[in-house]
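Visitor: This is the structure I want to talk about, given as structure tokens.
What follows draws every value from the coordinates through simple rules; no lab data is involved. Just so it is clear, the structure is predicted and the values come from calculations on it, not from any experiment. Neighbour counts are summed over all protein chains in view; Cβ atoms, including those assigned to glycine, are modelled from backbone coordinates with ideal geometry.
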Amino acid sequence: MGKPGLLVSQFFLMNPVAEKAKKVIYEAITPKGILASASDIDNYARIWSRDSMMTGLAGWYIQDIKIINGFKDSVITLTEYQHETGMIPSNVSVSPNHPPGVSYGSLAGRTDATLWWLIGTLTLMKNDPDFYREKVAFLLPKIEKALFVLQVWEYNGRGLIYSPLGGNWADEYVTSGYTLYDNVLYARVLEMSGEILQSKRLSEKASQTKKLIRDNYDNHMTYEGSLYHKTAFEKRKMNLKPYFSASLAPNGFDQRWDMAGNAMALLTGLYSDILPLTRFLEKQISNETSGLLPVFYPVIQKEDHDWHLLEENYAYHFKNKPFQFHNGGFWPIFAGWLVLGLRKYKQHELADKIVRNYEEVLSKSSYTFYEYHDIRNGQGKGVEKLCFSAAGYLFMTVNDQSFENSTIGDR
């Protein structure tokens with residue numbers, strides 16, 4: 001396996017809260033993989049692609065063998081249910097309390113399920129020689145099939161994948177189109193695939209995709225390459241933001257703040273100027289009494305134009321009230337990725353502030369690791385004992401200097 005940046009025993013002796021986070025994940029590990037949560041509520045007691053892969057990566061970063069084994073089992077379970085088109089399931093039901101079942105997305109397909117499965121699988125294949133040797137014959141054709149469906153999702157063959165409304169982790173939110181989050185993951189998948197499969201074509205496509213992202217999403221880039229939407233690009237100049245745009249669609253740019261997408265852009269080294277972003281983040285932290293950052297901003301209110309995209313987009317019950325859930329809530333998992341991204345750019349002081357503020361609300365909620373928090377008061381919301389949130393905290397505590405030279409799935 002990859003060399004750990006910090007010995008596990010030393011890591012947990014120095015940070016007892018990480019032991020609590022690890023315990024949350026342990027409770028969700030099954031012989032088939034890592035559940036989203038040990039709490040049997042709604043559809044969380046399932047193996048989700050994005051949840052299990054991110055949680056597995058957290059375990060790999062801290063070199064925790066039990067979590068890594070759950071990571072491997074998750075990869076195999078998800079692979080066994082790969083759709084004939086190449087899609088990886090959004091989630092698989094393995095609980096004895098529920099009938100077996102597989103979902104590729106309910107109201108819309110999930111683009112990031114396939115992306116995260118590829119990142120997780122390629123990480124293990126690159127860093128675990130035994131896993132590679134045992135599973136390479138089984139996994140390689142599955143990887144190639146998944147890469148093919150991602151290329152199909154470009155639709156117009158111009159290099160960026162297109163996600164439907166509700167087509168990724170923010171499945172009850174309003175972003176859609178050529179989303180920053182999905183396309184940064186796509187660039188990373190292409191980069192890792194080129195390396196593992198020794199494909200010059202995929203490596204070159206990865207470089208081209210990164211350039212497309214910089215040219216089209218960075219609000220401070222001058223035009224140097226291929227623009228997807230020249231009319232919208234010119235109009236955006238009147239509303240420049242200090243971060244990468246959340247998405248691009250035929251009707252223009254979505255200029256709201258997207259923590260997940262921008263965290264991934266940082267981790268992949270796509271930012272050329274970090275100062276405007278850090279000023280924005282400092283201001284947002286100071287604006288909220290909780291000191292927490294919203295996952296999307298600005299918050300959508302009932303009188304806003306986009307409210308109609310929220311009010312009927314849910315599976316079980318409406319969660320996206322202002323400052324709640326995707327609509328301005330604080331999500332520890334993406335705050336964890338953001339912290340890693342800031343550390344890559346040597347912004348340790350700001351990263352430490354984000355961690356301290358989360359630790360404060362964690363202590364007030366008895367280290368429950370809620371799904372998300374209300375940014376106005378820090379109150380924990382959603383499902384308790386969520387692996388997503390426990391993993392987010394583990395990402396926050398990977399603070400050794402070696403991470404400055406790393407990216408998603410690479411230590």
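Visitor: To the nearest 20 Debye, how big is the dipole of the chain about its Cα centre, given +1 on the beta carbon of each Lys and Arg and -1 on that of each Asp and Glu?
Guide: Computed charge dipole of the chain: roughly 600 debye.
Visitor: Hey, how many Å between the Cα centroid of the stretch 83-154 and the Cα centroid of the stretch 342-385?
Guide: 30 Å
Visitor: Of the residues E360, E288, E303, which exhibits the maximal mean-square fluctuation in a Gaussian network model of the chain defined by a 10 Å Cα contact cut-off?
Guide: E303
Visitor: Could you tell me which of the pairs K230/K344; K302/K364; K66/K385; K283/K346 are separated by over 27 angstrom between their Cα atoms in the structure shown?
Guide: From the list (K230/K344; K302/K364; K66/K385; K283/K346), the Cα-Cα distance tops 27 Å for K230/K344; K302/K364.
Visitor: Among A390, A260, A137, which one moves the most in a GNM of the chain with springs linking Cα atoms closer than 10 Å?
Guide: Looking only at A390, A260, A137, the biggest GNM fluctuation is shown by A137.
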